[in-house]
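The values are calculated or read from the model by the stated rules, or taken from the named source; none is laboratory data. From a predicted model like this one, the values you see are computed outputs, not experimental measurements. All Cβ positions, even for glycine, are placed from backbone atoms using ideal geometry, and neighbour counts span all protein chains on display.
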Amino acid sequence: MDYMQKIQYAANGFYNHGLELARERDLSGAAECLKRALQFNKYHTDARNLLGLIFYEMGETSDALVQWVISINLQPEDNLADRYLDKVQRKPGQLEHASNLIRKYNQALIHAQNGSDDLAVLQLKRIVEEKPNFVKAHLLLALLYIAHEDFTKAGKSLYKVLQIDKNNRRAERYMEYVKSRTGKADVEKRKLKNAFSHREMEDNDVILPPTYKENTGWQSIINIAIGLALGVVVVLFMILPARDRSLNYQHNQEMRIYADKLNLANQEADRLRAEAEQFEEERAKAEEDLESLIGDSGSTLSQYQTMVEILQAYRKEDFPAAVKLYIDMDKAKITDENMVNILTEIETDMAANAPAVLETLAAESNAAGDYDMALKYYEEYMEFDDRNPQIIFNMAMIYKNKGDEETSDQLFGQVIMNFEDAELAAKAKEERGY
């Protein structure tokens, strides 16, 4: 078996294990296995598609879209990711709704950071009502409930998380703490102990029958007196000391239990403080990332969506549509390594073929009287090629028709100075009035 086969077997092994965990609703564990599979083989489209589905199931729509777009470009034909993307795009306002939810989640983080826990809780409750499978929102809501010692509501939120992702580690840690604070952990321990506390009778066990003897007269009086004396002795020398020892032992046990609980609470408080600091770091990073991710039509999420639409236009052989999408795209926000490679190929093709399309689009807009759109197409043309005198002359004529003599004279001047041997130079002089 060669090295490449070993890598493929390893990738398939992690994928199969991730698939099994996903079927058992261990989504976070499945996601880890699928990421390992992609580390061995980034072209494993089945693993990438399943990872996208898991992200989507946990409310991470943007991460799901990234995985499916990469998958389609690695395998353009017979790919389930194409169906997933079409399904998301067909739902009216699906992407906008996902962006709004992330924006609301980000606002809830800001409220929590500023001490406005009530506003944060209210915002998060609205989020989970709109998207019940948003795991991060449920976790943050549970953490806020824990901070306010509302352990019943915290337990309900954590229960919903574990229904979505049954082995979510963070939810399990929070649930252990909630149970310890509500006494449910002790109840479970007692139930387990009682289940094994009953002993069956053995063969050598003996049941002694009660005895009865009838006494009369002085013998009865003497027996009563002796019994009273023995009772006093037993009380003074056996029952009271044993009772005292029992009370002391019980008191010591209670103190030990309280000390253990206090120690556990202190450890949990330290851990919660550490997690709060971690949440603060994540919140600060989330603010920075989400500001560019979902801010407006130029957001990162929108740019990835534009990439999908460009690729679909290529697939339909509608190159003019691809060019229109390309010129409005903020290419600097495409940072995923695989998507950057795809974008590089698109840029190469655009550099060779887009200018002709842009010139045609500009001419059509000019003929229709839409001078602003025509200028936009000509300016985009200049980004590819700024040495075409005809394009510069056409732009000058549009500015002249719009009444902007200063700009038109400047452009005519460029044609006259930089292309003096061209036929357009003489026309430019006439237009300037030389």
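In the set (1) touching a Gly at 6+ places or on another chain (Cβ under 8 Å); (2) within 26 Å of residue 342 (Cβ to Cβ); (3) surrounded by 18 or more Cβ atoms within 10 Å (Cβ to Cβ), residue 85 fails one condition alone, (1). The set of residues in region 46-57 being surrounded by fewer than 23 Cβ atoms within 10 Å (Cβ to Cβ) and within 15 Å of residue 10 (Cα to Cα) consists of 46 alone.
Only residues that are crowded, with 17+ Cβ neighbours inside 10 Å and of a type in the set (Asp, Glu) were counted in region 376-408, giving 1. For region 12-32, a residue qualifies if it is within 24 Å of residue 78 (Cβ to Cβ) and surrounded by 21 or more Cβ atoms within 10 Å (Cβ to Cβ), and the qualifying residues are 14, 15, 18, 30. Checked against the criterion of being part of a helix (DSSP H, G or I) and either β-branched (Val, Ile, Thr) or modelled with pLDDT of 90 or more (or both), the candidates 206, 187 yield just one match: 187.
All told, residue 37 meets the bar of being surrounded by 22 or more Cβ atoms within 10 Å (Cβ to Cβ) and among the small types (Gly, Ala, Ser).
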